[in-house]
Structure formats: C-alpha cells, structure tokens
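Here is the structure we will look at.
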Amino acid sequence: MIKFAHISDVHLGAKFLVFGDHADDLRSSIITNLNRLLDRLVSDHITLLLIAGDIFDGNDINEYQKNAFVSFLEKSNEQKINVAMIFGNHDELIYNELKPRIEVLSTVHVLENGSSVEFPDLNIKVFSDRTLSFSKNDNPLKYGALLLHGAYPDEFPIEKLRETGVDYVALGHFHGFKEYILNDNNGRIVYPGSFEMLEKEDKDFGNVVFGEFLDEGGVHILKERWTKYSVVSIDININDFKNFEDIIEHIKHFSSEFTVALISVNGSRDVTYFIPEEMEFTRRLNGMFFALSLDIQVEQSEDIEQLVQKNEFRKLLKKNIYDKGEISEEEKQDILEYCIKLLEGKENTL
Ligand SMILES: [Mn+2]
C-alpha cells in the first residue's frame, strides 16, 4: 500500500482582486496550507506528492511567492518526499526561471509534456503526456499515474485514458473537486479543486486529495477540505419577510468571517415595502462576511398594484354613494372626487 497526495491549482501570487482588503489573507492562506501539507506528508509517511499544474497564478510573481514554493520543494527533498509535478501554460516562464533551483533537488521531478519518471522504491511510474500515446507496456512497474492539466473529458477521452493502463489520473485545471471512475479495477480520474478559494463563485475549492495505491491495483482516495473559507448562497424572497430589518436579521444567521455570501434578493414590492439601494444594503451587511456579492432583483409592483387597489376603491365608493338616494347627484360627485384625492394623498383627512 503506497500513500500519495495530490494537489493542483495552487495559484501562488493570485491577486484575489474581488476580495479587496482580504486578498492578503488568501495569499498567506496558500502558504500556510503549503507548510501544513509538508507537515502532514511527513507525519503520515506519505512519500509521493503529485502537483497537477497552475502552481503560480501567472508569470508576474514576487520573490516572496517564488521562494515560498521553492522552499516547500527543498523541504520535501530533505524529507525524501518524491514530488512529480507539471507546470501549466500560466506559469511556464516562472518555471524556466526557477529551473536551476529545482533541478538540483533529487526527489523533485518536473515532467514536461511527453516525459515520465520512475519511482522504483514505490513501484510507481508517473507519466505526463497530453497525447496519451503510451500504454501499459511502457510501464515496467506495478502502478502508473498520469499528470495532466486540462479539461476532462473534452481534452482527454476516457477510452484513451484507459488505454494508457494507469491506475490514477491526477488532473488540474478545474477549481472544484471532481472524481470519475477510470476503470472497474479501482482506477480513478481526479481533480482536487484549487488549493484555495480563487473566485467568489467557485464551488468545492481548497482541497487536498490523499490516496493510496491498492495491493489489488487501482487507488482509494479521500478528499480533505483545507481552506478555512467557504461560500454560502442566501436566496431571499422579500415577500417571506415582514420588512427590511427582518431580512437583515435572517442574513445575520449566516454571518462568519470566513464565509463569502452570495445573496440574491427577489420578490415584488409595493410602495410600503422598503428595500434600500444596493450600496446602503451592502453597508448594513458590512462586517458580517469575509466577502459579499449582492444581487437585488426586486420587482417594483407599485403601479399595477396601486392601480388595481384604486379601481376597487372607486367601484366600492361609487356603489355605496349611489345606493344612498337622499343626496343630490352633485353631492355624490363631490364626495367621490374628495375620496379619490384622499386615496392618492392629494387631500388630507379632516
Ligand atoms: Mn487554475
């Protein structure tokens, strides 16, 4: 039984622009989790780490971020943890720059497209080949893993993946966890999801996948959510709430400093139902969440509803006045007009 871990889409140096003042928190969270991962690999005697691309967010990365990653690799090397990794198209230039520092680390292997590395001690061969033009015959060892960055199944059809004869396809690119069955011999195709929350709309991000190659072939995997951040969708229909303060009270229940709230406000209101403008609404929610996205789609039903009400009122009034025979036509008309003005707020009650 050989243990491994799989991460992808670390996106070191991501700008996290949508998170404003909190961007630094997320950037440091990535590095905290990298260090935590190293501790875990050591304490759990996990000797193989697969990194499936998008390690850096782009080519414009500061020295601190670059050093954080190289230092992670150096420590992995000291701990004799085997690392097989690929860079994505996002971070190719950085890789070329860091190459001299990475190449000297004997347990760290950067796989370029079409290459592979054998770990005889682990009985595993790790491939990276976007054309998928290799087979079981190319692997003298018991287990095979394939590192790829891209879209499954569009770029990597299941039939071709099966023909490679590998036990595990370690993918990167999508930022949410996904697991697919590769074959009926416990083979799996897995996206761990990004290492940390990258966009407000991401789902199931911030994971590390832990697994083991089984004696009978194939793998068993477990996803662990490592991010402290989460996303909650709050759908509000204003017609379910007495007033705006009631809505605020409801939203308060979800309040957390590590939560991104996606709040959508729907329903239809008449003139008496107060919903502030988006900016004021956001101000009231200030401090409740890590970040917030507010979408107000409330129908202004005042015209139609008021019109219906007015017409009803007119009909009722007319009927009641005209039923009384003792007053003159002129008086009836005056009363009717006065009442309508009252209703429209153009006249005060006496
Ligand atoms: Mn990515």
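Which of the following residues is away from the ligand (no atom under 16 Å from the Cβ), in contact with a strand residue (DSSP E or B) (Cβ under 6 Å, 6 or more places away or on another chain) and farther than 17 Å from Ser194 by Cα: Ser43, Ser116, Ser106, Ser71? Reasoning before the result, please.
On the way: Ser43 fails: in contact with a strand residue (DSSP E or B) (Cβ under 6 Å, 6 or more places away or on another chain); Ser106 fails: in contact with a strand residue (DSSP E or B) (Cβ under 6 Å, 6 or more places away or on another chain); Ser71 fails: in contact with a strand residue (DSSP E or B) (Cβ under 6 Å, 6 or more places away or on another chain).
Going through Ser43, Ser116, Ser106, Ser71 in turn, the sole match is Ser116.
Keeping to the range 37-68, report how many residues are under 23 Å from the mean Cα position of the chain (by Cα) and modelled with pLDDT of 95 or more.
Number of matching residues: 4.
Residue check: is Asp44 surrounded by fewer than 18 Cβ atoms within 10 Å (Cβ to Cβ) and over 25 Å from Leu146 (Cβ atoms)? Spell out the reasoning first.
Values: surrounded by fewer than 18 Cβ atoms within 10 Å (Cβ to Cβ): yes; over 25 Å from Leu146 (Cβ atoms): no.
Spelling it out, it is not the case that Asp44 is surrounded by fewer than 18 Cβ atoms within 10 Å (Cβ to Cβ) and over 25 Å from Leu146 (Cβ atoms).
Can you find a residue in the range 216-234 that is within 30 Å of Arg283 (Cα to Cα), out of contact with any Phe, Trp or Tyr (no Cβ under 9 Å at 6 or more places or on another chain) and not basic (Lys, Arg)?
Taking the range 216-234 first, the residues within 30 Å of Arg283 (Cα to Cα) are 227-234.
Restricting the remaining residues to those that are out of contact with any Phe, Trp or Tyr (no Cβ under 9 Å at 6 or more places or on another chain) gives 233.
From the residues that got through so far, the ones that are not basic (Lys, Arg) too are 233.
There is at least one residue in the range 216-234 that is within 30 Å of Arg283 (Cα to Cα), out of contact with any Phe, Trp or Tyr (no Cβ under 9 Å at 6 or more places or on another chain) and not basic (Lys, Arg).
Going by the conditions given, is Phe274 surrounded by 12 or more Cβ atoms within 10 Å (Cβ to Cβ), over 24 Å from the mean Cα position of the chain (by Cα), more than 30 Å from Ile31 (Cα to Cα) and in contact (Cβ under 8 Å) with a residue 12 or more places away in the chain? Break it down stepwise before answering.
Values: surrounded by 12 or more Cβ atoms within 10 Å (Cβ to Cβ): no; over 24 Å from the mean Cα position of the chain (by Cα): yes; more than 30 Å from Ile31 (Cα to Cα): yes; in contact (Cβ under 8 Å) with a residue 12 or more places away in the chain: yes.
Against the criterion (surrounded by 12 or more Cβ atoms within 10 Å (Cβ to Cβ), over 24 Å from the mean Cα position of the chain (by Cα), more than 30 Å from Ile31 (Cα to Cα) and in contact (Cβ under 8 Å) with a residue 12 or more places away in the chain), Phe274 does not qualify.
Please specify each residue of the range 53-63 satisfying the condition of being within 12 Å of the ligand (Cβ to nearest atom) and over 9 Å from Val10 (Cα atoms).
Of the range 53-63, the ones within 12 Å of the ligand (Cβ to nearest atom) are 53-58.
Selection gives Gly58 alone.
Given (1) farther than 23 Å from Phe210 by Cα; (2) surrounded by 15 or more Cβ atoms within 10 Å (Cβ to Cβ); (3) modelled with pLDDT of 95 or more; (4) within 16 Å of the ligand (Cβ to nearest atom), identify the lone condition not met by Phe134.
Condition not satisfied by Phe134: (4).
Tell me which residues, restricted to the range 229-258, are crowded, with 17+ Cβ neighbours inside 10 Å and under 30 Å from Asn35 (Cα atoms).
Correct list: Tyr229, Val231.
Condition test on Ser28, is it surrounded by fewer than 16 Cβ atoms within 10 Å (Cβ to Cβ), in the same structural domain as Asp167 (by TED's automatic domain parsing), more than 15 Å from the ligand (Cβ to nearest atom) and closer than 24 Å to Ala291 by Cα?
Values: surrounded by fewer than 16 Cβ atoms within 10 Å (Cβ to Cβ): yes; in the same structural domain as Asp167 (by TED's automatic domain parsing): yes; more than 15 Å from the ligand (Cβ to nearest atom): yes; closer than 24 Å to Ala291 by Cα: yes.
For Ser28, the condition - surrounded by fewer than 16 Cβ atoms within 10 Å (Cβ to Cβ), in the same structural domain as Asp167 (by TED's automatic domain parsing), more than 15 Å from the ligand (Cβ to nearest atom) and closer than 24 Å to Ala291 by Cα - is met.
Which of the strands (runs of 3 or more DSSP E) contained wholly in the range 176-218 include at least 1 residues that are small (Gly, Ala, Ser) and crowded, with 23+ Cβ neighbours inside 10 Å?
Details: elements: 178-181, 188-191, 207-213.
Counting at least 1 such residues, we get 207-213.
Condition (residue is more than 27 Å from the chain's Cα centre (by Cα), surrounded by fewer than 21 Cβ atoms within 10 Å (Cβ to Cβ) and either away from the ligand (no atom under 16 Å from the Cβ) or assigned to a helix (DSSP H, G or I) (or both)) applied to the range 3-25: is it met by at least one residue?
For the range 3-25, residues more than 27 Å from the chain's Cα centre (by Cα), surrounded by fewer than 21 Cβ atoms within 10 Å (Cβ to Cβ) and either away from the ligand (no atom under 16 Å from the Cβ) or assigned to a helix (DSSP H, G or I) (or both): present.
Kindly provide the set of residues from the range 78-100 that are outside any loop (DSSP other than H, G, I, E, B) and either within 14 Å of the ligand (Cβ to nearest atom) or in contact with a strand residue (DSSP E or B) (Cβ under 6 Å, 6 or more places away or on another chain) (or both), ordered by number. I'd like the intermediate steps shown before the answer.
Here is the first cut: in the range 78-100, the ones outside any loop (DSSP other than H, G, I, E, B) are 78, 82-86, 92-100.
Answer for the range 78-100, where residues must be outside any loop (DSSP other than H, G, I, E, B) and either within 14 Å of the ligand (Cβ to nearest atom) or in contact with a strand residue (DSSP E or B) (Cβ under 6 Å, 6 or more places away or on another chain) (or both): Asn82, Val83, Ala84, Met85, Ile86, Glu92, Ile94.
When you look at Asn113, is it farther than 25 Å from Leu222 by Cα and free of Cβ contacts under 8 Å to residues at least 12 places away in the same chain, yes or no? Explain how you work it out, then say what you get.
Values: farther than 25 Å from Leu222 by Cα: yes; free of Cβ contacts under 8 Å to residues at least 12 places away in the same chain: no.
Considered against the rule, which asks whether it is farther than 25 Å from Leu222 by Cα and free of Cβ contacts under 8 Å to residues at least 12 places away in the same chain, Asn113 comes out as no.
Residues of the range 171-198 being aromatic (Phe, Trp, Tyr), within 16 Å of the ligand (Cβ to nearest atom) and modelled with pLDDT of 95 or more, which ones? Break it down into steps so the answer makes sense when it comes.
Of all residues in the range 171-198, those aromatic (Phe, Trp, Tyr) come to 174, 177, 180, 191, 195.
Imposing the further condition that a residue be within 16 Å of the ligand (Cβ to nearest atom) reduces the set to 174, 177, 191, 195.
Scanning the range 171-198 gives Phe177, Tyr191.
I'd like the residue in the range 317-339 that is at pLDDT 75 or above and among the β-branched types (Val, Ile, Thr) and, out of all such residues, is farthest from Thr272 (Cα to Cα).
Among residues in the range 317-339 that are at pLDDT 75 or above and among the β-branched types (Val, Ile, Thr), the one farthest from Thr272 (Cα to Cα) is Ile327.
The values are calculated or read from the model by the stated rules, or taken from the named source; none is laboratory data. Bear in mind that the values here come from a model prediction, so they are computed numbers and not experimental data. Cβ sites come from the backbone with ideal geometry, for glycine too, and all protein chains shown count toward neighbours.
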